[in-house]
Each structure stands twice: as structure tokens, then as C-alpha cells.
Amino acid sequence: MGTRKKGLEFAKHITEIINKSTGFESHLQKVKIVDGGDGACTAELKVDQDHVNLYKFLHGGYIMTLVDLITTYALMSKPCHPGVSVDLSVNFLNGAKLGDDVVIQANLSKVGKYLAFIDCTLKHKKDDLVIAKGTHLKYIKFD
């Protein structure tokens with residue numbers, strides 16, 4: 001469920017969820033949640049061997065995973081159900097290589113009665129060059 005925690009407290013809370021996970025979220029073990037709360041979540045990743053494709057670039061499937069989970073954490077910073085995915089879309093704009101530092105920023109753009117819209121951007125930490133932009137639509141009405 002959602003939380004009203006912000007900043008470092010939010011980052012610690014989400015990191016705890018990731019570290020305790022024995023399921024899919026365990027794929028984020030090397031992702032550092034650095035900030036969040038009030039509909040936002042910011043994370044950082046140093047691209048490691050576990051994250052790259054055959055050509056040593058950040059794998060598109062891993063980018064999709066980052067968008068999926070970091071946007072969900074942004075939604076969880078609000079007092080609502082984390083929802084289920086209705087649509088997940090990513091545009092891949094530039095590559096990130098093994099060893100690059102990446103910043104992932106997700107922001108809740110709108111919450112309606114049944115749906116939440118969350119945007120996400122992955123950028124190079126060194127120069128803010130955009131790697132990918134994603135949107136996540138989640139169904140949140142659970143009674």
C-alpha cells in the first residue's frame with residue numbers, strides 16, 4: 001500500500017522493500033533509491049554486467065523493468081493502492097554503456113478515480129542526456 005513518507009525516509013522504505021524481495025523486485029538490488037515522496041521517486045544505477053546486452057549497452061528489457069518499478073514506487077508515495085499495470089510504454093532515445101551512471105526520475109502526473117498516470121525519464125548522470133522516456137498507466141480502484 002501507499003506511504004506518506006518523503007525524502008530519505010521514503011528512500012529507506014523502498015530500499016527495504018527491494019532488499020526483502022525474493023521475487024521480481026530483487027532485480028533492483030543494484031539500484032539506489034535516492035529520493036521520493038508526494039508522487040515522485042528518484043533512483044540511480046551504475047550500469048553493471050547484469051544490466052547489459054551482448055553489445056554492453058543497457059538492455060531495453062531492463063529499462064522497461066526500471067520504468068515499471070520506479071513509477072510504481074512514485075505511485076506508492078501517495079496513500080493509495082500501488083495498482084496494476086494497464087499500459088507501459090517506453091521510447092528509447094540514446095544508449096547507456098557498461099559503467100555509465102544513470103538517473104531514473106518518475107513523477108505522478110495525474111490520479112483519477114480509477115487510473116494513475118506516471119511519467120519516467122532515464123538520463124545520464126554526467127550530462128543529463130536522455131536515455132529513455134516512459135509512461136505507465138495503472139488501475140488503482142480496489143474496494
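Annotations for the structure displayed:
- Residue among Q29, S109, I63 farthest towards the positive dipole end of the stretch 7-139, charges placed on Cβ: S109
- Between D38 and Y114, the contour length at 0.36 nm per residue exceeds the Cα-Cα span by 25.5 nm.
- With a cut-off of 13 Å on the backbone N, the residues of the stretch 85-114 near the modelled label site 7 Å out from Q49 along Cα-Cβ are 99.
- Its relative contact order, with pairs defined as Cα atoms under 8 Å and 6+ residues apart, puts the stretch 1-95 at 34 percent.
- Summary of packing: across the peptides 84-95, 54-65, the per-residue average of other C-beta atoms within 10 Å ranks them, highest first, as 54-65, 84-95.
- Using alpha-carbon coordinates, inclination of helix 7-20 to the longest axis of the chain, degrees: 80 degrees
- What you get for the chain, charging only the Cβ of Lys and Arg (+1) and of Asp and Glu (-1), is a dipole of about 220 debye around the Cα centre.
- The amide H of G39, built 1.01 Å from its N in the peptide plane, has S77, K78 as neighbours under 5 Å, considering only residues 5 or more places off or on other chains.
- Evaluated at q = 0.09, 0.15, 0.17, 0.22 Å⁻¹, a Debye calculation over the C-alpha positions of the chain (equal weights, vacuum) places log10 I(q)/I(0) at -0.24, -0.69, -0.89, -1.42.
- Computed from Cα atoms, the angle from the helix 60-76 axis to the main principal axis of the chain rounds to 30 degrees.
- The apolar share of the surface of the stretch 46-143, taken as the fraction of accessible area on carbon and sulfur atoms (1.4 Å probe, ligands and nucleic acids excluded), comes to 53 percent.
- Normalised per residue, the accessible area of the stretch 7-139 is 51 Å², obtained with a 1.4 Å probe and no contribution from ligands, DNA or RNA.
- Label zone at K56 (point 7 Å along Cα-to-Cβ), backbone N below 16 Å, the stretch 98-142: 98-101
The values are calculated or read from the model by the stated rules, or taken from the named source; none is laboratory data. Worth saying up front: this structure is predicted, and the values here are computed from it rather than measured. Glycine also receives a Cβ, built like all others from the backbone with ideal geometry; neighbour counts cover every protein chain displayed. Note: areas computed on protein heavy atoms with side chains; ligands, DNA, RNA excluded. Shrake-Rupley method; radii C 1.70, N 1.55, O 1.52, S 1.80 Å.
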